[in-house]
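The values are calculated or read from the model by the stated rules, or taken from the named source; none is laboratory data. Model, not experiment: these values are computed from the prediction. Cβ placement follows ideal geometry from the backbone for every residue including glycine, while neighbour counts extend to all protein chains displayed. Areas reflect the complete protein model, heavy atoms only, side chains present, ligands, DNA and RNA absent. Shrake-Rupley method; radii C 1.70, N 1.55, O 1.52, S 1.80 Å.
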Amino acid sequence: MGAKENNGKARLRYQLRKIIIVASTCILIVVVKYLSVGRNKVDDQNVGNVNLRKNKGHSNSSENAAKHVEHNIEKILKAKLHLVDVFDPTATIGVQVKDRVAADFCHLKWELHKSAPSQYAMFRELVAGSPCGGERIHIPDIGEVARLARERDEAEGSTTKSMPLKGVVFHESRVGSTLVANSLAASKPANHRVYSESSPPISLLGLCDKMGNDFCTSPKTVTLFQDIVYLMGRTSDLAETSMFFKIQSAGTKGMSLFRAAFPDVPWIFVYREPVQVMMSHLALPPGMKMTNSNCLRSYKRPSKNYKKMVAKLGGGRTMKELS
């Protein structure tokens, strides 16, 4: 038989094993508790499918956050907040519109544009003159908000409505289209709302050249465009009766989407003698290169459609050779 270890080494190893077991158990308990808290920290609560993140336990902070979001949605439904931006509407995979498209709302001071159309001629100038800088409300699903808005507008005794789209101005650049838009606004300022080169419509119309006609006329794209226009037409002012759009010149390439979504709405195309348009574009400030002119953007970054047109009609010559 071997001699017993009475020198304390066996006892030391025993104590070390106990310490390791206890420490491992404690670490395991902490990890499990952390993972459990992480899984149960939030749950999704819907206000008409507009997601709110609310802590379990109904803490004061989470309840206040939920009430704040509900309050903002209610302001949208009361037409106190207006649609100002639509974000990244296309899906990452496939040429199609996302199932959920995010948007921003804020309060626009339409009285500024109605009283002085030439001073707030562009939509971006109206946004800059309104309290949109730090008071934008971000909504993750514009389609769901449009559904809620329609329900509110159609309810008996509703004080809100969406104005019908009465006309659209498409145009070349540098042709006086802003004068046309200002005339629409000034002719009946109390009744007319005119969006001059606003952000939401071009977010889709501007993709038509890139994505192709199949994208532009697909049912999902058409529905999203109709939702955008519906929300932009909402008002609680009974005097407002008609809405008009002046689209950015680049949006002309998306006319197929507009016509698919609103086949009965009249539209015009404003143009000018081509040489005068070119002269206006090339009248650049001192020191600015001619290649920075707006009319040469497609030369520097030609779209697929331009490349196809050159290949078809260019007689074998490149875009650079044709230019």
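Here is how the numbers come out for the structure above:
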read-out: Considering residues of the range 268-293 that are modelled with pLDDT of 90 or more and not in a helix (DSSP H, G or I) only, the residue most open to solvent (accessible area, probe 1.4 Å); value: Tyr271
read-out: Residue pairs meeting the criteria (Cβ under 8 Å; at least 6 apart or on separate chains; first more than 19 Å from Leu207 (Cβ to Cβ), in the range 305-317; second open to solvent by 80 Å² or more (accessible area, probe 1.4 Å)); value: Val310/Arg317; Gly314/Glu321
read-out: Residues located in the range 228-237, provided they are assigned to a helix (DSSP H, G or I) and open to solvent by 20 Å² or more (accessible area, probe 1.4 Å); value: Tyr230
read-out: Unmet requirement for Leu296, which otherwise passes all of (1) open to solvent by 90 Å² or more (accessible area, probe 1.4 Å); (2) at pLDDT below 80; (3) not acidic (Asp, Glu); value: (1)
read-out: Candidate set from the range 211-220 (those that are assigned to a helix (DSSP H, G or I) and open to solvent by 20 Å² or more (accessible area, probe 1.4 Å)); member that is farthest from Phe258 (Cα to Cα); value: Met211
read-out: Residue within the range 252-267 that is small (Gly, Ala, Ser), in a helix (DSSP H, G or I) and open to solvent by less than 20 Å² (accessible area, probe 1.4 Å) present; value: yes
read-out: Flag for Thr223 being part of a helix (DSSP H, G or I) and either aliphatic (A, V, I, L, M) or open to solvent by 50 Å² or more (accessible area, probe 1.4 Å) (or both); value: yes
